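Notes to accompany the following structure.
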Amino acid sequence: MSVKPKIPVMIVTGFLGAGKTTFINNLLLQNEGVKIGLIENEFGDTSIDSRLIADYKPESIIELNNGCICCTIFNEFAMTLQELIKKHDHLEQLIIETTGIADPGPIIEPFFQDEELKRLFELSGTICIVDSVNFSEHIAGIEQQKQIILSDMIILNKMGDVDLKTLANIRNKLAALNKTAMVIETDYARVEPLHLYQLQPDLQDEFIRKLRKPFFSEPENGGFHSFTIRFGGFINETRFRDWFKYFASLHRKDVFRIKGIVNFQNNPMIGIVQSVGGMISITEGSVHNPYAPLENVMVFIGKDISKYQIEKEIQEFLVQKDQPKRQA
């Protein structure tokens, strides 16, 4: 009996009024014929009008009963997704839209933690829609900063409505918060045809490309830091999984996001490692390039974190056992 493929999940977050509904509307039109499930949420009593979702049947839109999806208990969220699959087992893609005033972390974490969700779904990526016009007003909020930090793609919307100096300042602040995300600049939330099936490979390739350039940044406010740590050699996967789970849990309050690539022993595929809120995910990426330098790269984004301390903890893990050298 063939195993049913996992359903890719896209999480759409972003500032209030930034254009999330318009973006999703365009996305559904661009992927006409794909069977897409949509969970949308807004804070408070007023929900987004389902009529704004073009050519989409109302019964395919699920809203949780008690408001913001981020504020609901973990089990309700997981059970809602499982119930969705039971009712619509034909779905090929899932889109989750978060409220504009919420930290998306609690939505991402279950896909790293809940075994049943991991069996049914695969997280393709998180997309943040940023309002260029009201950026300076919104970016002061910790929730909005974490929306950017936890994103794999940032869509800088309404860029035509601000001057070049303002736009340059926004770019710098986005890069300080999240250097590895793919950034697309647009107006009216229009993006070149974004094919859902291609989303994860595109984001993965962009991430690996950006990792080849070292960076260290300290945003002006909030005490956020982002930096890259690199180390060589092949890594024992079992040992790394145990250590990474412990490390991420230990730093769950100060390290908001970890993302990187690791070369595992006896595995031709690159390991893509991630952590959000202390929860971890380790998946297979592309095939090793035998001509590329053997390098493991990890990016850390957090608040008041020390690159020296984290580098020390990684080195302590590495020296526990000598790493085998690459075979000639």
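The values are calculated or read from the model by the stated rules, or taken from the named source; none is laboratory data. What you are looking at is a predicted structure, and each value in this text was computed from that prediction instead of being measured. We place every Cβ from the backbone using ideal geometry, glycine too, and count neighbours over all the protein chains shown.
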Members of region 126-145 found to be closer than 28 Å to MET79 by Cβ and modelled with pLDDT under 95, listed by number: GLU143
task: Please give the helices (runs of 4 or more DSSP H) falling wholly within region 111-199 in which 3 or more residues are among the β-branched types (Val, Ile, Thr).
output: 142-149
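Residue-wise test of (1) farther than 28 Å from PHE112 by Cα; (2) at pLDDT 80 or above; (3) part of a helix (DSSP H, G or I).
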site: GLY17; (1), (2), (3): yes, yes, no
site: THR22; (1), (2), (3): yes, yes, yes
site: LEU29; (1), (2), (3): yes, yes, yes
site: ASP55; (1), (2), (3): yes, no, no
site: ASN65; (1), (2), (3): no, no, no
site: GLU76; (1), (2), (3): no, no, yes
site: ILE85; (1), (2), (3): no, yes, yes
- line: Every listed condition ((1) assigned to a helix (DSSP H, G or I); (2) exposed (fewer than 14 other Cβ atoms within 10 Å of the Cβ)) holds for ALA292 save (1)
- request: Kindly check whether there is at least one residue in region 186-195 that is without any contact (Cβ under 8 Å) to a residue 24 or more places away in the chain and surrounded by fewer than 12 Cβ atoms within 10 Å (Cβ to Cβ).
  value: yes
